[in-house]
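Quick note: the coordinates plus some simple rules give every number you see, no bench work behind them. The structure displayed is predicted, hence computed values, not measured ones. Positions of Cβ are generated from backbone atoms using ideal geometry, with glycine treated the same way; all protein chains shown enter the neighbour counts.
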Amino acid sequence: MLKKRLIFTLLSQNGVFQLSRNFSLQAVGNLDWLRKYYDLSSISRSVDELVLLNVARGEKHMESFCQDVSKLSSFCFMPIAAGGGIQSLDDAHRLLDSGADKLIVNSALFTRPDLVRELVQVFGRQCIVASLDYKSTALGAEAILENGQRPSGLTLEQAIVLAEDSGVGELYVTSIDQDGTGQGYDLETVSWASRACRVPVIASGGVGDFRHFLEGLQIENVTGVSTANIFNFLGDGLTKARDFIQKNDVQLAYWNFDVVPETQATK
């Protein structure tokens, strides 16, 4: 059985981290700001994975985004999943060479499914995460492309089928309606989505307190819960969130940071 994961998501637009509400962005600060208000070493001990998304509107500058990934990977020692604007195999190689451990694809699932299948073939399905953003429309839960800017015309159910047919290894599912509200995950849709697919699901969008993480993790096929709400988890907020989850009998990975590697102990 897969361990459950606590995930922290950072939204980057041209080197500036963003706060998001219903996918409308507000600039917060650059990497220096992040280092000032967060102990990045503490984050490494509190979360199981860091997600870094390039949410730039219009042209996405892959070179500068790769620099962000590289800088963060030098400070944080948890796995990093990165994406946003991957348009080629070369883009994927550059992100992985910059320190990413997984690749996140979104719009390409709908516009370049051949590219997504190529990424799966080259790097393995465990390396490719499908990010599915959705909101409530006349179609029901409709998948939305391009950072929430363009309707896909497909229901979330159809988008899940498309993602699975592309061979991805995981789904990162975000409710645009809940995003940034602090009212919790769209549990009904997340529960349905987790039953409708064959791959693990990460729930995203709406976390306001520790209880929301717990509610998401109690859904059977949800193996990860994410927050992109920077201000709710300043300081030791993520550490406290992890403690709360573990005290409520959810099995998260255990890391023993007191163990000294043998190669260091003998020096």
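Which of the lysines could a cross-linker bridge to Lys3, judged by Cα under 20 Å and excluding same-chain residues fewer than eight apart?
Lys102, Lys240, Lys247
Taking the highest mean first, how do the peptides 55-63, 230-238 order by number of other beta carbon atoms within 10 angstrom per residue?
Going by the mean number of other Cβ atoms within 10 Å, highest first, we get 230-238, 55-63.
Could you tell me what fraction of 2.2 N^0.38 Å the Cα radius of gyration of the stretch 18-72 comes to, as a two-decimal ratio?
1.24
Using a 7 Å offset from the Cα along the Cα-to-Cβ direction at both Ser64 and Glu146, what is the distance between the two label points in nm, to one decimal?
Placing both labels 7 Å beyond Cα along the Cβ direction yields 2.0 nm.
Amide H neighbours of Asp236 under 5 Å, at least 5 residues apart or on other chains, H built in the peptide plane: list them.
It is none; the list stays empty.
Could you please rank Thr227, Thr239, placing first whichever residue has the fewest other Cβ atoms within 10 Å of its Cβ?
Taking fewest neighbouring Cβ atoms as first place, the list is Thr239, Thr227.
Quote the Stokes-Einstein diffusion coefficient, in whole µm² s⁻¹, for the stretch 175-233, based on the Kirkwood radius over alpha carbon pairs, a temperature of 37 °C and a viscosity of 0.692 mPa s.
Approximately 292 µm²/s, per Stokes-Einstein.
Normalised by the residues of the stretch 127-267, what does the relative contact order come to in percent, with Cα pairs under 8 Å and at least six apart?
17
Please give the per residue volume of the convex hull enclosing the alpha carbon atoms of the stretch 84-204, rounded to a whole number of Å³.
Convex hull volume per residue, Cα atoms: 102 Å³.
Taking H placed 1.01 Å from N in the peptide plane, check which residues at least 5 places from Glu170 or on another chain put their amide H under 5 Å from its amide H.
HN-HN under 5 Å from Glu170: Ala130.
State the antiparallel share, in %, of DSSP beta bridges confined to the chain, rounding to the nearest 5.
If I count the DSSP bridges inside the chain, around 30 percent turn out antiparallel.
Could you work out how far the C-alpha centroid of the stretch 141-202 sits from that of the stretch 110-131, in angstrom?
So the separation of the two Cα centres works out to 17 Å.
Using Stokes-Einstein with the Kirkwood hydrodynamic radius over Cα pairs, what translational diffusion coefficient do you get for the chain at 20 °C and a viscosity of 1.002 mPa s, in µm²/s rounded to a whole number?
115
Could you go through the stretch 189-206 in sequence order and give the Karplus-derived ³J(HN,Hα) for each residue, using 6.51 cos²θ - 1.76 cosθ + 1.60 with θ = phi - 60°, rounded to whole Hz, and x for Gly and Pro?
Listing the rounded values in order: 5, 4, 4, 5, 4, 5, 7, 7, 10, 9, 10, x, 10, 9, 8, 8, x, x Hz.
Which ³J(HN,Hα) values in Hz, rounded to whole numbers, follow from the phi angles of the stretch 150-163 under the Karplus curve 6.51 cos²θ - 1.76 cosθ + 1.60, where θ = phi - 60° and Gly and Pro get x?
3J(HN,Hα) across the stretch 150-163, in whole Hz: 9, x, 8, x, 10, 6, 4, 4, 5, 5, 5, 4, 4, 5.
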